[in-house]
Structure formats: structure tokens, C-alpha cells
Amino acid sequence: MSVHASPPAFDLFAACPRGLEAALASELATLGADDCRAVGGGVLFRGDRRVAYSVNLWSRLASRVMRTIAHRRYRDDDDLYRLANGVAWESHFDARHSLRVDVSAQRSPLRSLNFATLRIKDGIVDRLRTVSGERPSIDTRAPDARVFAHLDSREATLYLDLSGESLFKRGWRSGAGDKGSAPLKENLAAGLLALAGWSPEKPLYDPFCGSGTIAIEAAQRAFDIAPGSARSFGFERLADHDATLWKRLREEALRRAGDAARRIAGEAHAVRIAGSDVDRDAIARARSNLVRAGVPAGAVDWHVHDAGRARAPFDEPGVVVTNPPYGERLQARTTASRAPDHESAMQSFGAALKESFGGWRVWVLSSDPRLPRQLGMQEQRRTPLFNGAIECRLFGFEVFGPRRAPPTPGTPSRQ
């Protein structure tokens, strides 16, 4: 009787925008992760190499996935050197790989994070030079291997990056001109959809869509397209990379996307997603981005339209998820000419919601705490989120539709 050993499990950490930790923990569990524990800025979990690769490929919410390599208490910079020098880095990368080291700290007693970073880098480099006689080069822009260190008041943890570029970079944006006036990272857009409770069978509309981030994230989910299917990852450059496993996972993702596309093609109105914006150039970028994201061109209804005159794009009530911008993409349609552009636009948008979106649920991300008053609506939910360094709230509303005037005396009412 032969006994097959289980693949070794790693201690892993997935970072995410603050406010999405609980949603990310749920997502990771569906991807096979064990012992998921939400902490500030991410989720600690365990999983084997298949799980680590799958999270990079399939997570819509994570910003980065890292493997915990070493952990110890420290008092000074020399302790950090000894921690780094004691790791068998040669099993992950060698002198042929370029290297970058990043350090973050919370209540650390050390005076200089720059010097702490230097000592950790020296510990890694000296280890590899002792083992092979050569030292890796340092590359701060596009390294082959990246090591993160986190210091708290007494303990230091070293992580090996598995993602490479941040996971919000899906690979479908056209370039720097594609960011629009209010850039929203792709994983935060996916987080808004998760917090809004949207699922592909529900209609979705983004009336401030810009270059299409929210709608494209939704469309990729509807078509079961892995968010990482069009990009590379840091683990592919490491010495212990399992190329056979990775090829199998990618092929499985392609099969899933193909199956979903065939199923949707055979069902009328299987996907109902719409996006509009007052900026014609933004809509042109959205159309191009959708195709680069691997989604059929007709999967999203795009329109050049002012949100202040928005009308429900589908007969069945659905979900509005949006991130209204400031600046040139706003055209206020209001008689309150003295109000600032943003406030005027929100007043018009609120009026449009109450006029034409009865039965819809509306979710709006904003850094302005006055947004509900500007919309003239009472929020039912308010979730703190961070868009980069900007503290925001995701406001949730339910639209009950316009009130009907009572019947004129003597006029029969409809039953």
C-alpha cells in the first residue's frame, strides 16, 4: 500500500485595499485557501503551490500575494541581517536573478528604515555569495525576485513576493492615457461589485464609467475570465517554479472561459451590463479595453450620456455601481447655478435616480461625506474603503421610485 505525501503547505499573505479584507477572505476560501484570517490590509492564509498560483490567477480582490519565509524577534539592524542571512534563498533564486528589497514598519524602534532595508539586502546578498561565489544585482524597477520585510515593535517577518507587478494590473489597459480623471484600480472595482452583492444574473449599470473599469470587471466575471489570464507573475521567474502545474492551471482557466462564452452565446440576455459617460473619448477607451480584456465587444452596452439625465438601461431593476469623478467629466444639469460643479452634478444624478430607477439598488463610492445629502437620498449602508491613500465610503441606497400624486377627488383610482 503506497502513501502519497500531500503537497507542502505555505504560510501566505494576500494584500488588498483596506475595507476589502473580509470579502477577500471569503474569496480565498473559494479558491482552496485554508485558515483564512483577515487582518488590516489583507488576509493571512495557508495553501500549497497550487493554491498560491490559483490565487494569483483568479483573485479579483487581492493586490499582491506573498509567501512567508522567515520570522523572528529583533532589537536592532544586526538582528535583521542575521534573519535574512539565515534563509536558504538559493532554493528560490540565485545570483543570476536581480533583486529588490522593500521594508514597511509599524511602531518599529529602528531609527532608519533605509538602513534596515540595506541590512536585510546585505544579509540576502552575502548568503548567496557564500553559497555560489556570486552576488545578485539590484534592480528597483523590474526585479526577478522581490523580498518584502515587515517590522512591528518587536518582530520582523520576511516575505517572498509571488505576484510581480501588483495584481490590479490585469494587462488590458491601453496605457497612461487610459486612466481618466478619476482612476479606479481594478481590484477595488471588483471589491465594489462584491460589497454591492452583484452577481452576473443581475443587470448592472455604471453611469460614470470612464474607461470602463467597473463594467469590464463585471463582464470578466460574467464570462468566467481569470483576471490574471493576460499577464505574467513573479513566481514564474523563481527557481522553484513548477511550470507543469502552472501550464495546467492556465489551460483550465482557458477552458472555463470558453465554456462560459458558449453558454452565454446560447442564452438570450444572459449578460446585461451597461456603462455610460459624458466623455466620448473615455467611452472609446472603454470599448477598446473590453476587447483587450477578452470579452466580446457586444457584452457591454456603452453610451455617451450625462448621468444627470440617466435612464434605466434595462427593463428589469438591477444594481448601479459607480465612482463619480470630479472635473471635466461632469456636466451638471441643474438650475442651482451657484452650486459647485460636483454638487450640482450629484443633485442632478440623484434626481435622475429617483425619476427612472425605481426598484434598483445603488452603490456609490465617494470621498465626500455629504454625498447622500447632495443626492437627496438616505443611505441604507455606509462602508469605509480606501481608494489608494484616499479615505472613501461606499454608500448604499435603495430607490423606491417617484411618488405618485393622490387621485383627484371624484376620479376613480386604479386597483
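The values are calculated or read from the model by the stated rules, or taken from the named source; none is laboratory data. Small disclaimer: the values here were computed from a predicted structure and weren't measured. In this analysis, Cβ positions are derived from the backbone assuming ideal geometry, glycine residues included, and neighbour counts consider all displayed protein chains. The area values use the complete protein model at the heavy-atom level, side chains included, leaving out ligands, DNA and RNA. Shrake-Rupley method; radii C 1.70, N 1.55, O 1.52, S 1.80 Å.
Some values worked out for this structure:
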{"quantity": "Contour excess over end-to-end distance, with Cα ends at residue 250 and residue 130 and 0.36 nm allotted per residue", "calculated": "39.5 nm"}
{"quantity": "Label-point separation, residue 382 to residue 30 (7 Å along Cα→Cβ), nm", "calculated": "2.9"}
{"quantity": "Among 114, 167, 125 the positive-end extreme of the charge dipole of region 93-190 (Cβ point charges)", "calculated": "114"}
{"quantity": "Answer label, with P(r) over Cα pairs in 20 Å bins from 0, in percent calculated from the coordinates and candidates [x] 24, 48, 24, 4, 1; [y] 22, 47, 20, 8, 3, 0; [z] 28, 58, 13, 0", "calculated": "[x]"}
{"quantity": "Helix axis angle, 49-58 relative to the chain longest principal axis, alpha carbon, degrees", "calculated": "30"}
{"quantity": "MRE, 222 nm, helices only [DSSP H, n ≥ 4, -39500 (n - 2.57), over the chain, to nearest 500]", "calculated": "-9500 deg cm²/dmol"}
{"quantity": "Backbone N under 13 Å from the residue 174 label point (7 Å along Cα→Cβ), restricted to region 290-327", "calculated": "290-293"}
{"quantity": "Zone residues, region 68-97, relative to residue 242, backbone N less than 17 Å from point 7 Å out along Cα-to-Cβ", "calculated": "68, 92"}
{"quantity": "Residue among 44, 128, 28 with the largest mean-square fluctuation in a Gaussian network model of the chain, springs linking Cα atoms under 10 Å", "calculated": "128"}
{"quantity": "Karplus (6.51, -1.76, 1.60) ³J(HN,Hα), θ = phi - 60°, over region 315-323, in Hz, Gly and Pro reported as x", "calculated": "5, 7, x, x, 10, 9, 10, 8, 10"}
{"quantity": "Solvent exposure, largest accessible area first (probe 1.4 Å, DNA, RNA and ligands not counted), of 208, 148", "calculated": "148, 208"}
{"quantity": "Distance violations [Cα-Cα > 28 Å] among 121/185; 202/354; 169/354", "calculated": "121/185; 169/354"}
{"quantity": "Dipole moment magnitude, nearest 20 debye, the chain about Cα centre, only Lys, Arg, Asp, Glu C-beta charged", "calculated": "520"}
{"quantity": "Percent carbon-and-sulfur accessible area, the chain, ignoring ligands, DNA and RNA, probe 1.4 Å", "calculated": "48"}
{"quantity": "Choice from 231, 119, 262 showing the highest fluctuation, given a GNM over the chain with Cα pairs closer than 10 Å", "calculated": "262"}
{"quantity": "Highest-MSF residue in the chain out of 188, 167, 31 [GNM, Cα springs under 10 Å]", "calculated": "31"}
